[in-house]
């Protein structure tokens with residue numbers, strides 16, 4: 001088994017250097033991170049891009065849109081597709097999120113399968129690996145995430161288990177890479193290993209672009225990320241955010257601009273409204289303060305953020321409501 005890294009972690013061969021790119025050869029293509037919910041895909045995407053382009057949360061099924069993060073290098077452009085976690089769907093929304101994952105798999109140049117180092121391989125991982133085994137076109141890279149949470153013995157055991165998983169299903173991993181996105185360990189090496197698996201070709205996005213997500217979608221996601229913190233376990237799946245309006249304040253001087261953003265947070269039941277708003281509106285105010293700072297950093301301009309909570313009854317199961325909310 002070949003594991004990419006700089007330290008010996010058990011009875012396996014270890015690569016100590018990144019692959020050397022050929023001179024004047026440029027590669028560009030798409031890599032997709034897959035894995036069960038909360039496997040560290042969004043955090044890894046942000047670490048590779050060097051800026052937040054995907055929202056993160058300790059709640060599963062946080063990601064709902066296919067976010068593209070773009071890594072620029074002199075010899076390559078790596079476009080990262082961050083999908084929702086594949087899971088057993090309980091709602092129409094869940095079914096549509098799974099469809100997004102499978103459609104993405106069929107279109108990318110390389111697939112990165114994220115498996116947390118601190119959790120043993122389970123039925124959800126095997127379910128995804130079995131589906132990956134049926135994909136013949138794209139090479140598959142196993143990415144063992146969250147390595148900062150385990151010791152070297154646990155990591156070695158997980159790497160061996162991941163290697164064995166591929167063998168059991170009849171395919172070989174193109175690479176097995178242990179990383180820690182939060183600690184910045186081996187993130188650059190992962191990019192070094194993904195790039196040679198991309199096709200030759202010119203850059204697909206202009207230099208400086210970090211994502212192709214529309215600003216309104218990214219703003220909505222930042223608001224939803226702030227709203228997910230500290231709420232009950234069942235609530236994250238019931239929150240959707242739509243930015244209704246973004247307008248520059250007309251009466252402001254040119255050197256002191258202000259952007260007015262009006263957004264609605266949709267929940268499924270009236271009883272959930274109080275959870276999101278909080279006592280005397282404190283929770284919603286906190287959501288506004290936290291997300292406004294993130295939005296101002298994203299846009300580079302001061303923002304006035306106006307948030308309202310609305311009920312869209314059982315929207316996760318209603319095709320008409322799903323379309324209205326962008327799914």
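Quick note: the coordinates plus some simple rules give every number you see, no bench work behind them. Everything numeric in this text was worked out from a predicted model, so none of it was measured. Here Cβ is always computed from backbone atoms with ideal geometry, including for glycine, and neighbour counts include all displayed protein chains.
Here is how the numbers come out for the structure above:
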{"item": "Residue order, fewest to most beta carbons within 10 Å, for 104, 270", "result": "270, 104"}
{"item": "R0 of 41 Å, Cβ-Cβ distance residue 106-residue 258: FRET efficiency to nearest 0.05", "result": "0.40"}
{"item": "Cα→Cβ-extended label distance, 7 Å offset, between residue 313 and residue 72, nm", "result": "5.0 nm"}
{"item": "Likely footprinting exposure, 266, 205, fewest C-beta neighbours within 10 Å first", "result": "205, 266"}
{"item": "Debye-sum result for segment 215-324 in log10 I(q)/I(0), which assumes one identical scatterer on each alpha carbon, at q = 0.17 Å⁻¹", "result": "-0.79"}
{"item": "Which of 179, 242, 3 has the fewest Cβ neighbours within 10 Å, and the rest in rising order", "result": "242, 3, 179"}
{"item": "Length gained when the stretch residue 168-residue 152 is fully extended (0.36 nm per residue, less Cα-Cα span)", "result": "3.3 nm"}
{"item": "Distance between modelled label sites at residue 246 and residue 215, nm, 7 Å Cα→Cβ extension", "result": "0.5 nm"}
